[in-house]
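Novice: A single structure is presented below for examination.
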Amino acid sequence: MMSELDDLLRQKAELETRIQEVMAGQIDRLKLEFADLAYKLREIGGLPNAVESVFTDKAGTFNSYRVMRVKKA
């Protein structure tokens, strides 16, 4: 019985690790999409001022990629 429990716990740990890896990849992809959309919306004047200010540094430079910590595709 104990070996079955050990095996199940090992499987659970492996699944939890894999779930975290997949989530991290999904988050990175969505952050890049968000940065792209923010940049495109700003270009056409459709980005709300509150969101634009979050992506703009003290020098007045807009950079959604830097703020989202992703690299342009």
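The values are calculated or read from the model by the stated rules, or taken from the named source; none is laboratory data. Predicted model, so just to flag it, every value in this text is computed and none were measured. Methodologically, a virtual Cβ is constructed for each residue, glycine included, from the backbone with ideal geometry; neighbour enumeration extends over all protein chains shown. All accessible areas refer to the heavy atoms of the entire protein, side chains included, with ligands and DNA or RNA removed. Shrake-Rupley method; radii C 1.70, N 1.55, O 1.52, S 1.80 Å.
Novice: Quickly rank 28-34, 57-63 as a protection proxy: mean count of other C-beta atoms within 10 Å, highest first.
Specialist: Descending mean neighbour count gives 28-34, 57-63.
Novice: So, one more: Enumerate the lysines that Lys12 could reach by cross-link, defined here as Cα to Cα under 29 Å, with residues fewer than 8 away along the same chain left out.
Specialist: Lys31
Novice: Ignoring ligands, DNA and RNA, what percent of the 1.4 Å accessible area of the chain is carbon and sulfur?
Specialist: Carbon and sulfur together cover 59 percent of it.
Novice: Another question, then. Full-extension gain between Asn49 and Glu16, please, as 0.36 nm times their residue separation minus the C-alpha to C-alpha distance.
Specialist: Length difference between fully extended and current span is 7.9 nm.
Novice: How high is the relative contact order of the chain, in percent, counting Cα pairs under 8 Å that sit 6 or more residues apart?
Specialist: Relative contact order for the chain comes out at 31 percent.
Novice: Calculate for the chain the 222 nm mean residue ellipticity that helices alone would give, adding -39,500 (n - 2.57) per DSSP H run of length 4 or more and normalising by residue count, nearest 500 deg cm²/dmol.
Specialist: -24500 deg cm²/dmol
Novice: Hey, another quick one. Among Asn49, Ala59, Leu5, which residue has its Cα positioned farthest towards the positive end of the charge dipole of the chain, with +1 placed on the Cβ of Lys and Arg, -1 on the Cβ of Asp and Glu, and the dipole taken about the Cα centre?
Specialist: After comparing all options, I get Ala59.
Novice: Quick check: with the 1.4 Å probe, what order do Arg66, Arg18 take by accessible area, largest first?
Specialist: Ranked from most to least accessible, the order is Arg18, Arg66.
Novice: Using 0.36 nm per residue, how much length does the chain from Glu4 to Ala73 gain when fully extended, once their Cα-Cα distance is taken away?
Specialist: That pair, Glu4 and Ala73, stretches by 20.3 nm at full extension.
Novice: Work out the length of the dipole vector of segment 2-66 about its Cα centre, built from +1 on the beta-carbon of each Lys and Arg and -1 on the beta-carbon of each Asp and Glu, and round it to the nearest 20 debye.
Specialist: Here segment 2-66 has a charge dipole of around 420 debye.
Novice: Out of all Cα-Cα pairs in segment 2-66, roughly what percent, to the nearest whole number, are more than 13 Å apart?
Specialist: Roughly 71 percent, once rounded to a whole number.
Novice: Could you state how much accessible area Glu52 has, in square angstrom rounded to the nearest 10, with a 1.4 Å probe and all protein chains kept in place?
Specialist: Looks like 50 Å² after rounding.
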